[in-house]
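Worksheet: one structure, shown below.
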Amino acid sequence: MSDPLNPEQLRSLTPLNVLSEQQWRELRSQLVPRPLLAGQLLFRHGDRAGLTYYLLAGELLMQTPDGQQQRLVAGSEASCHPLSPGLPRLHEVRAATDASLLVVDTATLDRLLTWRLAYQDLLLELGHNHADVEWLERLLQNPVFTKVPPSNVRSMLERLQRIELAAGTTLLREGESGDCCYFLESGRVEVIRGAGSEQQVLAELEVGACFGEEALLADRPRNATVTLIEDGVVLRLARQDFFSLLKAPVVDDVALGEAARLLAAGAQWLDVRLQEEYEQAHALESLHMPLQLLRLKARLLDKARTYLCYCASGKRSASAVFLLAQLGFNAYALRNGLDALPAVQRDALLCESGSGYLARSGGHTERSR
């Protein structure tokens, strides 16, 4: 069996290249190249499998239902993007030569991508305010935060109670009921299970670690005792806050037909994907403003105008609409994203070279090709 791809091999693949190394580790079992023999079919036109494909080596033949063919060569710019993205597939794809592919679960990739871009927005803002971004990034890498909808992260950070404690302080006791969880900001803590001669040290936790969340999620007594072994600082999150922040907020969304009515009344498409995704294909006259930069560039938007946000699955656009609503804008998400549209509608909406607008630094927008 082949080894998983390393980070250097992933840096050219959009949008995999924006994920963190910890997120790549979460995908590790999927980052193993798969062979495809010459002449072998990868998928047919209309295929709806929720998988994202990248060509790593060799050549593929892509054919549309009307017989138009395109040859995709590994190492080309086109091969750095997902193969025939969107569902249902618009091509039949076969291996023209022996080939190697990367196959990733689309839902998992989209979840990780939405999370990464949403908290990048937060880190950028806090960095401008001279906050300790490096420590906060380590905190946000904690798996616990992946259970929190991206739009709730800011609220979660606001609800954390900062507590300074001395070495020897016991924060959690095995067998007690759980009313909170903690994040370690500084210092060291020791996790111990059992008592007396049966006592066993399970771990020493690093800065950014979360502890106590298992008792909350499973609604069971604490399964270990946690004690500071040097002076430190923890951030406490109460049980009720923990569960309220796990709930995804409701955002306004519209079907394509309703979006067309709003566009006729003066609304504008807002593309919240990465620039590389936008350049592959975008809606005519759309404004590109990626999710991770949305808060910083929102000043370029007009509060008298309605914005229609779109992305592949609807997850990033939902986060964008939630953010824009907080900032006082009128916005809707395209329901379930581009991938939910029938192929004919998606083709009519997106174009490879139609003009749009790019949000640039310095407070202005410019036309795109």
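No lab work stands behind these numbers, since they all come straight from the coordinates. Predicted model only: the values in this text are computed from it and were never measured. When we count neighbours, we look across all protein chains shown, and the Cβ atoms used for this are built from the backbone with ideal geometry, even at glycine.
Fewest-first ordering of THR225, THR52 by other beta carbons within 10 Å of each residue's beta carbon gives THR225, THR52. Label-to-label distance for LEU246 and LEU41 is 4.3 nm, based on points extended 7 Å past Cα in the beta-carbon direction. Build a GNM of the chain with springs between Cα atoms under 10 Å apart, and of GLN326, GLN141, GLN120 the one that fluctuates most is GLN326. Computed from backbone phi with θ = phi - 60° and the Karplus coefficients 6.51, -1.76 and 1.60, the 3J(HN,Hα) list for the range 329-340 is 9, 9, 9, 9, 9, 5, 4, 6, x, 4, 5, 7 Hz; x is used for glycine and proline.
Could you work out the relative contact order of the range 7-106, using alpha carbon pairs under 8 angstrom and six or more residues apart, expressed as a whole percent? Could the numbers behind the result be given before it?
Values: 199 pairs, mean separation 40.4, N = 100.
The value is 40 percent.
Computed from backbone phi with θ = phi - 60° and the Karplus coefficients 6.51, -1.76 and 1.60, the 3J(HN,Hα) list for the range 170-180 is 9, 8, 10, 10, 4, x, 7, 6, x, 10, 6 Hz; x is used for glycine and proline.
Go ahead and estimate [θ] at 222 nm for the chain from helices alone: -39,500 (n - 2.57) per DSSP H run with n ≥ 4, summed, over the residue count, rounded to 500.
Values: 12 runs with 98 residues, N = 369.
Only helices count here, giving -7000 deg cm²/dmol.
Highest GNM mean-square fluctuation among HIS282, HIS45, HIS81, for the chain modelled with Cα contacts below 10 Å: HIS45. With coordinates expressed along the principal axes, the C-alpha atoms belonging to the range 7-106 extend over 42, 24, 21 Å, beginning with the largest. Quick one: check the C-alpha center-to-center distance for the range 170-245 versus the range 61-111, whole angstrom. If we compute the Cα centre of each part, the gap is 46 Å.
The H on the amide N of GLY178, modeled in the peptide plane, is under 5 Å from the matching H of ARG222, each at least 5 residues off or on a different chain. Between GLU125, GLU164, GLU59, the GNM of the chain built on Cα springs shorter than 10 angstrom shows GLU164 fluctuating the most. Residues TRP115, TRP24 in ascending order of nearby Cβ atoms (within 10 Å, fewest first): TRP24, TRP115. Normalised by residue number, the volume inside the convex hull of the Cα atoms of the range 192-232 is 85 Å³ per residue.
When only the Cβ of Lys, Arg, Asp and Glu is charged (+1, +1, -1, -1), the dipole of the range 263-310 relative to its Cα centre reaches about 360 debye.
Remark: the range 253-368 projects, on average over all directions, an area of 6.3 nm² (convex hull of Cα atoms).
For LEU172, nonlocal amide neighbours, meaning residues 5 or more places apart or on other chains whose placed amide H falls under 5 Å from its own, are VAL226. Legend: Rg and Dmax of the range 109-244, from Cα coordinates, 15.6, 52 Å.
Measuring spread by the Cα atoms of the chain yields a radius of gyration and Dmax of 23.6, 76 Å.
Per 0.36 nm of contour for each residue apart, how much would the distance between SER100 and ASP302 grow if the chain were fully extended, relative to their Cα-Cα spacing?
On the way: separation 202, 0.36 × 202 = 72.72 nm, distance 4.68 nm.
Contour length minus the Cα-Cα distance gives 68.0 nm.
Treating cross-link reach as a plain straight distance, find the aspartates and glutamates whose alpha-carbon is under 12 Å from the alpha-carbon of LYS147, omitting any fewer than eight places away in the same chain. Counting by Cα, and skipping residues close in sequence, LYS147 has these aspartates and glutamates nearby: GLU213.
Only Lys, Arg, Asp and Glu carry charge here, each on its Cβ (+1 for the first two, -1 for the last two); on that basis the chain has a dipole of about 900 debye about its Cα centre.
Normalised by the number of residues in the chain, what is the relative contact order in percent for Cα pairs under 8 Å and 6+ residues apart? Numbers along the way, then the final one.
Values: 752 pairs, mean separation 52.0, N = 369.
In percent, rounded to a whole number, it is 14.
Given +1 at the Cβ of Lys and Arg, -1 at the Cβ of Asp and Glu and no other charges, the dipole of the range 130-276 around its Cα centre is 380 debye to the nearest 20.
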